[in-house]
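Structure record follows, encoded as structure tokens.
The values are calculated or read from the model by the stated rules, or taken from the named source; none is laboratory data. No experiment lies behind these values; they were computed from the predicted model shown. Here the Cβ is made from the backbone with ideal geometry for all residues, glycine too, and neighbour counts use every protein chain on show.
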DNA sequence: CGCATAACCGACTGCTTCAGTAGGATTTAA
DNA sequence: TTAAATCCTACTGAAGCAGTCGGTTATGCG
């Protein structure tokens, strides 16, 4: 598996916040119930998102989380990286700020690291996919949730 | 990290076999020494490659491994999958033989899984990068190893 | 004021995988 | 017959995953 559930849950969380019409904060427990995810685990994930500046929190009663910027401006590479850490295909693969790729094996040999070409391509493929997707797209793709007068609609009533 | 060292070492191993001009088998210890990798660990990896039909082995003295087919016909998606197992961006992401994508979360909700779009794109990016790269490319990229009369050239003499 | 609600924080746990080691059994060329 | 090689199973320390738990702080409301 390329990514763990941290990315999965975290993205779902972000989408849930993106669904919200206004900028009213959503409580974690609401997200947990809507997505059927463990609340205490979401706490860890949302902490990462907050530290990355992707969501803002309001404490106290009726508090919660909301997106730090409009969903159209949030690309998924930033989100996934906040949750999973630096995205690289391989341990030895380090990207400098200028975009150059370093490989830790290149120093120890006479010939260039033959896998570098491969991992560079993979890296590019993943990065393009993530950076080319915005949170707004996912929110829209997720389906048009009812918007007509449903500020405090009951949720748990299945069937 | 998207992939573990299993993919890294395994690909390096394949490249090393691909370097060999003829179809003469290369012993694992030779590969281990050339790439500075632990022999006993390589044994595990080469077993996976053999079971996947990517390399063939000849036992006994002067035995070793060689590619089961020309390097031009070996694409890296097969190699990496043999080493790492099924490549999917997420646990819930299953691809059927016909190419359809199933998501285990889609049954439990009213709306479609909003992350599916994202993981589908990531999957496509990785698959294209891996399937679009042949072992022959990596061998060539790795650099032209000396070919002129170097059947038993000493290796360890650095500096 | 006091209480429920909610964000925040750190420690702990069972489980699986990773990366590698160890010890042997079998096969084969010389 | 022996050295070189593949082959196989079992084991191990370390790390990350997927949570759980208990407690602290902040805040709106009656």
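Structural remarks
- All positions within the stretch B:1-29 that are buried (at least 16 other Cβ atoms within 10 Å of the Cβ) and more than 30 Å from residue A:127 (Cα to Cα): B:17, B:19, B:20, B:25, B:26, B:28
- On the stretch given as the stretch B:120-134, residues that are touching a helix residue (DSSP H, G or I) at 6+ places or on another chain (Cβ under 7 Å), more than 8 Å from every other protein chain (Cβ to nearest Cβ) and more than 16 Å from residue B:84 (Cβ to Cβ) total 1.
- One residue alone among A:49, A:37, A:13, A:45 is assigned to a loop (DSSP other than H, G, I, E, B) and modelled with pLDDT of 95 or more, and that residue is A:37.
- Taken together, the residues in the stretch A:52-87 that are in a loop (DSSP other than H, G, I, E, B), more than 16 Å from DNA strand D (Cβ to nearest atom) and within 14 Å of another protein chain (Cβ to nearest Cβ) amount to 1.
- Within the option set B:94, B:44, being within 16 Å of DNA strand C (Cβ to nearest atom), within 12 Å of another protein chain (Cβ to nearest Cβ) and loosely packed, with under 14 Cβ neighbours inside 10 Å holds for one residue only, B:94.
- Yes/no for residue B:105 being away from DNA strand D (no atom under 15 Å from the Cβ) and modelled with pLDDT under 95: no
- Residue under evaluation residue A:20, criteria (1) within 15 Å of DNA strand C (Cβ to nearest atom); (2) in contact with a strand residue (DSSP E or B) (Cβ under 6 Å, 6 or more places away or on another chain); (3) modelled with pLDDT of 95 or more, criterion not met: (3)
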